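Shown next, in C-alpha coordinates, is the structure this report addresses.
The values are calculated or read from the model by the stated rules, or taken from the named source; none is laboratory data. Keep in mind that what you see is a predicted model, and the values were worked out from it rather than measured. When we count neighbours, we look across all protein chains shown, and the Cβ atoms used for this are built from the backbone with ideal geometry, even at glycine. Please note that ligands, DNA and RNA were not included when accessible areas were found on the heavy atoms of the full protein model with its side chains. Shrake-Rupley method; radii C 1.70, N 1.55, O 1.52, S 1.80 Å.
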Amino acid sequence: MLPYALDQAEKKILLIRHGQAGGASGKRYIGQTETELTSQGLAQARALADWLMPVPIERIVCSDLIRSVQTARILAKAKGQPIEPDSGLREIFLGSWEGLPMALVKEEDPQAYEQRGRDLAGYRPPGGESFADLQSRVVPVIRDILAQATGPVAIVGHAGVNRVMLCHWMGLPLDRLFSLGQDPGGVSIVQPTPKGDVRLVALNVLLGSALPPANLTYFLGQSAQKD
(Lines give C-alpha, C1' and ligand atoms only; values in the text may rest on other atoms or scores of the structure.)
Protein backbone atom coordinates (compact mmCIF):
# COMPACT_ATOMS: atom_id res chain seq x y z
CA MET A 1 0.00 0.00 0.00
CA LEU A 2 1.36 3.40 -0.97
CA PRO A 3 0.96 6.33 1.44
CA TYR A 4 -1.08 9.42 0.73
CA ALA A 5 -2.31 8.58 -2.79
CA LEU A 6 1.26 8.28 -4.05
CA ASP A 7 -0.07 6.50 -7.13
CA GLN A 8 -1.80 9.71 -8.21
CA ALA A 9 -0.10 12.14 -10.58
CA GLU A 10 0.16 14.99 -8.09
CA LYS A 11 3.17 17.22 -7.64
CA LYS A 12 5.47 15.81 -4.95
CA ILE A 13 9.11 15.01 -4.25
CA LEU A 14 10.31 11.52 -3.36
CA LEU A 15 13.54 12.17 -1.49
CA ILE A 16 15.47 8.89 -1.67
CA ARG A 17 18.73 7.92 -0.02
CA HIS A 18 20.92 5.59 -2.08
CA GLY A 19 21.16 1.95 -1.02
CA GLN A 20 23.81 0.67 1.35
CA ALA A 21 27.26 1.39 -0.03
CA GLY A 22 30.47 -0.52 0.67
CA GLY A 23 34.06 0.36 1.33
CA ALA A 24 36.56 0.03 4.12
CA SER A 25 35.27 -1.37 7.38
CA GLY A 26 34.63 0.84 10.38
CA LYS A 27 33.12 4.31 10.65
CA ARG A 28 34.70 6.68 8.17
CA TYR A 29 34.02 10.12 6.78
CA ILE A 30 32.52 9.23 3.40
CA GLY A 31 31.19 12.41 1.87
CA GLN A 32 32.08 12.63 -1.80
CA THR A 33 34.39 9.62 -1.68
CA GLU A 34 33.19 7.13 -4.30
CA THR A 35 31.76 3.88 -2.94
CA GLU A 36 29.60 1.36 -4.79
CA LEU A 37 26.45 -0.35 -3.60
CA THR A 38 26.81 -3.56 -1.62
CA SER A 39 24.68 -6.60 -2.40
CA GLN A 40 22.29 -5.41 0.29
CA GLY A 41 22.27 -1.93 -1.25
CA LEU A 42 21.36 -3.41 -4.64
CA ALA A 43 18.54 -5.39 -2.99
CA GLN A 44 17.29 -2.23 -1.29
CA ALA A 45 17.23 -0.39 -4.62
CA ARG A 46 15.34 -3.23 -6.32
CA ALA A 47 12.81 -3.35 -3.48
CA LEU A 48 12.32 0.39 -3.78
CA ALA A 49 11.86 0.13 -7.56
CA ASP A 50 9.24 -2.59 -7.11
CA TRP A 51 7.39 -0.57 -4.49
CA LEU A 52 7.35 2.55 -6.66
CA MET A 53 6.15 0.81 -9.82
CA PRO A 54 2.60 2.25 -9.51
CA VAL A 55 3.91 5.79 -9.03
CA PRO A 56 3.74 7.95 -12.19
CA ILE A 57 7.24 9.39 -11.71
CA GLU A 58 7.96 12.05 -14.30
CA ARG A 59 11.68 12.52 -13.60
CA ILE A 60 14.47 10.63 -11.84
CA VAL A 61 17.18 13.07 -10.75
CA CYS A 62 20.22 11.92 -8.80
CA SER A 63 23.58 12.89 -7.41
CA ASP A 64 26.37 12.04 -9.85
CA LEU A 65 28.23 9.99 -7.21
CA ILE A 66 28.23 6.32 -8.16
CA ARG A 67 26.20 5.04 -5.20
CA SER A 68 23.34 7.35 -6.10
CA VAL A 69 23.68 6.70 -9.84
CA GLN A 70 23.52 2.92 -9.26
CA THR A 71 20.38 3.29 -7.14
CA ALA A 72 18.76 5.62 -9.66
CA ARG A 73 19.59 3.31 -12.58
CA ILE A 74 17.74 0.41 -10.93
CA LEU A 75 14.71 2.60 -10.41
CA ALA A 76 14.98 4.00 -13.94
CA LYS A 77 15.27 0.55 -15.53
CA ALA A 78 12.07 -0.56 -13.80
CA LYS A 79 10.28 2.60 -14.91
CA GLY A 80 11.73 2.69 -18.44
CA GLN A 81 13.00 6.23 -17.90
CA PRO A 82 16.37 8.00 -18.10
CA ILE A 83 18.24 9.33 -15.09
CA GLU A 84 19.43 12.92 -14.71
CA PRO A 85 22.69 13.09 -12.72
CA ASP A 86 23.38 16.48 -11.12
CA SER A 87 26.64 17.31 -9.38
CA GLY A 88 24.80 19.88 -7.28
CA LEU A 89 23.18 17.00 -5.38
CA ARG A 90 26.46 15.46 -4.20
CA GLU A 91 26.92 14.64 -0.53
CA ILE A 92 28.73 17.08 1.75
CA PHE A 93 32.42 17.43 0.88
CA LEU A 94 34.60 16.70 3.90
CA GLY A 95 37.91 17.99 2.54
CA SER A 96 41.00 16.38 4.06
CA TRP A 97 38.80 14.19 6.25
CA GLU A 98 37.41 12.32 3.23
CA GLY A 99 37.86 8.57 3.65
CA LEU A 100 39.52 8.82 7.07
CA PRO A 101 38.33 6.73 10.03
CA MET A 102 36.41 8.87 12.50
CA ALA A 103 38.48 7.40 15.33
CA LEU A 104 41.69 8.57 13.62
CA VAL A 105 40.45 12.15 13.26
CA LYS A 106 39.31 12.12 16.89
CA GLU A 107 42.73 10.86 18.00
CA GLU A 108 44.90 13.11 15.84
CA ASP A 109 42.84 16.30 15.98
CA PRO A 110 40.50 16.07 18.98
CA GLN A 111 39.92 19.82 19.04
CA ALA A 112 38.60 19.87 15.47
CA TYR A 113 36.56 16.72 16.07
CA GLU A 114 34.91 18.25 19.14
CA GLN A 115 34.43 21.61 17.43
CA ARG A 116 32.45 19.98 14.61
CA GLY A 117 30.30 18.19 17.17
CA ARG A 118 29.53 21.52 18.85
CA ASP A 119 28.84 23.36 15.58
CA LEU A 120 27.35 20.97 13.04
CA ALA A 121 25.90 23.80 11.00
CA GLY A 122 28.96 25.97 10.64
CA TYR A 123 32.11 23.88 11.08
CA ARG A 124 34.12 23.13 7.94
CA PRO A 125 36.68 20.31 7.96
CA PRO A 126 39.94 21.52 6.36
CA GLY A 127 39.17 22.20 2.69
CA GLY A 128 35.60 20.96 3.07
CA GLU A 129 32.01 22.10 3.48
CA SER A 130 29.87 22.74 6.52
CA PHE A 131 26.27 21.55 6.65
CA ALA A 132 25.27 25.20 6.17
CA ASP A 133 27.35 25.23 2.98
CA LEU A 134 25.67 22.01 1.86
CA GLN A 135 22.23 23.45 2.49
CA SER A 136 23.09 26.61 0.54
CA ARG A 137 24.25 24.41 -2.35
CA VAL A 138 21.36 21.98 -2.58
CA VAL A 139 18.32 24.12 -1.69
CA PRO A 140 18.36 26.08 -5.00
CA VAL A 141 18.84 22.86 -7.00
CA ILE A 142 15.88 21.10 -5.41
CA ARG A 143 13.78 24.27 -5.35
CA ASP A 144 14.17 24.47 -9.14
CA ILE A 145 13.28 20.78 -9.55
CA LEU A 146 10.13 21.27 -7.46
CA ALA A 147 9.18 24.43 -9.35
CA GLN A 148 9.41 22.60 -12.70
CA ALA A 149 7.52 19.53 -11.50
CA THR A 150 3.96 18.75 -12.50
CA GLY A 151 3.85 15.28 -10.92
CA PRO A 152 5.98 13.03 -8.71
CA VAL A 153 9.75 13.49 -9.04
CA ALA A 154 12.28 11.07 -7.55
CA ILE A 155 15.52 12.60 -6.24
CA VAL A 156 18.12 9.98 -5.35
CA GLY A 157 20.60 11.63 -3.06
CA HIS A 158 22.41 11.20 0.23
CA ALA A 159 21.73 11.29 3.96
CA GLY A 160 23.29 14.73 4.42
CA VAL A 161 21.54 16.21 1.39
CA ASN A 162 18.18 14.83 2.47
CA ARG A 163 18.60 15.96 6.06
CA VAL A 164 19.50 19.57 5.23
CA MET A 165 16.54 19.74 2.83
CA LEU A 166 14.16 18.36 5.44
CA CYS A 167 15.51 20.88 7.97
CA HIS A 168 14.92 23.63 5.43
CA TRP A 169 11.36 22.56 4.68
CA MET A 170 10.44 21.87 8.31
CA GLY A 171 12.08 24.98 9.73
CA LEU A 172 14.49 22.97 11.91
CA PRO A 173 17.92 24.33 12.89
CA LEU A 174 20.74 22.42 11.29
CA ASP A 175 22.07 21.28 14.65
CA ARG A 176 18.98 19.03 14.73
CA LEU A 177 19.70 17.32 11.41
CA PHE A 178 20.80 14.01 12.92
CA SER A 179 17.43 13.71 14.65
CA LEU A 180 15.99 12.90 11.21
CA GLY A 181 16.45 9.26 10.26
CA GLN A 182 17.86 8.70 6.77
CA ASP A 183 18.71 5.03 6.35
CA PRO A 184 20.13 3.48 3.16
CA GLY A 185 17.33 2.88 0.68
CA GLY A 186 14.88 4.98 2.67
CA VAL A 187 12.40 7.34 1.04
CA SER A 188 10.79 10.50 2.38
CA ILE A 189 7.89 12.23 0.65
CA VAL A 190 7.08 15.94 0.60
CA GLN A 191 4.28 17.73 -1.16
CA PRO A 192 3.74 21.45 -1.76
CA THR A 193 0.63 22.99 -0.21
CA PRO A 194 -1.69 25.71 -1.56
CA LYS A 195 -0.08 28.10 0.96
CA GLY A 196 3.27 27.75 -0.80
CA ASP A 197 5.05 25.72 1.85
CA VAL A 198 5.84 22.00 1.87
CA ARG A 199 4.11 19.23 3.81
CA LEU A 200 6.12 16.24 5.05
CA VAL A 201 4.00 13.22 4.16
CA ALA A 202 6.40 10.36 4.98
CA LEU A 203 9.82 10.11 6.59
CA ASN A 204 12.46 7.44 6.02
CA VAL A 205 10.19 4.65 4.77
CA LEU A 206 12.34 1.50 4.67
CA LEU A 207 12.12 -1.47 2.31
CA GLY A 208 14.23 -4.50 1.52
CA SER A 209 14.77 -8.00 2.80
CA ALA A 210 14.91 -6.93 6.44
CA LEU A 211 11.69 -4.93 6.21
CA PRO A 212 9.02 -6.57 4.01
CA PRO A 213 6.20 -4.44 2.57
CA ALA A 214 3.85 -5.61 5.33
CA ASN A 215 5.95 -3.65 7.82
CA LEU A 216 5.77 -0.31 6.01
CA THR A 217 4.06 1.55 8.81
CA TYR A 218 6.41 4.46 9.51
CA PHE A 219 4.46 7.23 7.81
CA LEU A 220 4.36 10.78 9.11
CA GLY A 221 1.06 12.43 8.28
CA GLN A 222 -0.85 9.17 7.81
CA SER A 223 -3.45 10.20 10.36
CA ALA A 224 -3.64 13.59 8.68
CA GLN A 225 -4.97 11.97 5.50
CA LYS A 226 -8.43 12.51 6.98
CA ASP A 227 -7.97 16.30 6.76
Out of E129, E107, E58, a Gaussian network model of the chain with alpha-carbon springs under 10 Å gives the largest mean-square fluctuation to E107
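For Q111 and H168 in the same chain, what is the full-extension length gain: residue separation times 0.36 nm, less their Cα-Cα distance, in nm?
The Q111-H168 span can extend by a further 17.6 nm.
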With the 1.4 Å probe rolled over protein heavy atoms, the range 55-212 has an accessible area per residue in Å² of 43 Å²
Among G122, L134, Q70, the residue whose Cα sits farthest towards the positive end of the charge dipole of the range 63-144, when +1 is placed on the Cβ of each Lys and Arg and -1 on the Cβ of each Asp and Glu, is Q70
Residues whose modelled amide H sits under 5 Å from the amide H of E36, counting only those 5 or more places away in sequence or on another chain, are G22
Result: in the chain the number of Lys pairs with C-alpha under 20 Å apart, spaced 8 or more or on different chains, is 8
Output ordering of 145-153, 14-22 (per-residue mean of other Cβ within 10 Å, highest first) is 14-22, 145-153
With all protein chains present, the range 62-209 has a carbon and sulfur share of its accessible area (1.4 Å probe) in percent of 51 percent
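Under the rule of -39500 (n - 2.57) per DSSP H run of 4 or more residues, summed and divided by the residues of the chain, what mean residue ellipticity at 222 nm is obtained, to the nearest 500 deg cm²/dmol?
Numbers: 6 runs with 73 residues, N = 227.
Calculated from helices alone, the mean residue ellipticity at 222 nm is -10000 deg cm²/dmol.
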Whole-Hz Karplus couplings 3J(HN,Hα) for the range 55-65, θ = phi - 60° and coefficients 6.51, -1.76, 1.60, Gly and Pro as x, run 7, x, 5, 8, 8, 10, 9, 8, 4, 8, 6
